[in-house]
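Written out below as structure tokens is the structure these notes cover.
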Amino acid sequence: MTVYAVYYASDEAQERAFDQALGERFGDTYRVSEDFWLIDTAREADTIYGSLRTTIHRSDRLFIAEITRDFFPWLSERALNWLFSPHRSWKGPLAVRQLIDHACAPD
């Protein structure tokens, strides 16, 4: 499985529908902000898009990217706990893991 960053911009009602669709189709998701999610899935980015295609309108914006072990998060403690859960299947060691104990944005 792989962790993906998903950015989606639309009107508020459509974002709620998108959030619901992510939860129904992928289960292990975390909504970081109004337009940004993290998901842990075995699917590839194009397959993620394919399963969400019916919820996306022509004027919406969508960006899906695999998160590698080379990243720097400044997120809430809850988001970091989701991201660094032992259930995540990161490819390689996470050098940034010790940051959760020292620095995080307020919830």
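The values are calculated or read from the model by the stated rules, or taken from the named source; none is laboratory data. These figures come from a predicted structure and were not determined experimentally. Cβ: placed from backbone, ideal geometry, glycine included. Neighbour counts: every protein chain shown.
Just one residue in the set 25, 16 is surrounded by fewer than 16 Cβ atoms within 10 Å (Cβ to Cβ), at pLDDT below 90 and outside any strand (DSSP E or B); that residue is 16. Inside the stretch 41-74, residues that are buried (at least 16 other Cβ atoms within 10 Å of the Cβ), in a loop (DSSP other than H, G, I, E, B) and out of contact with any helix residue (DSSP H, G or I) (no Cβ under 7 Å at 6 or more places or on another chain) make up a count of 3.
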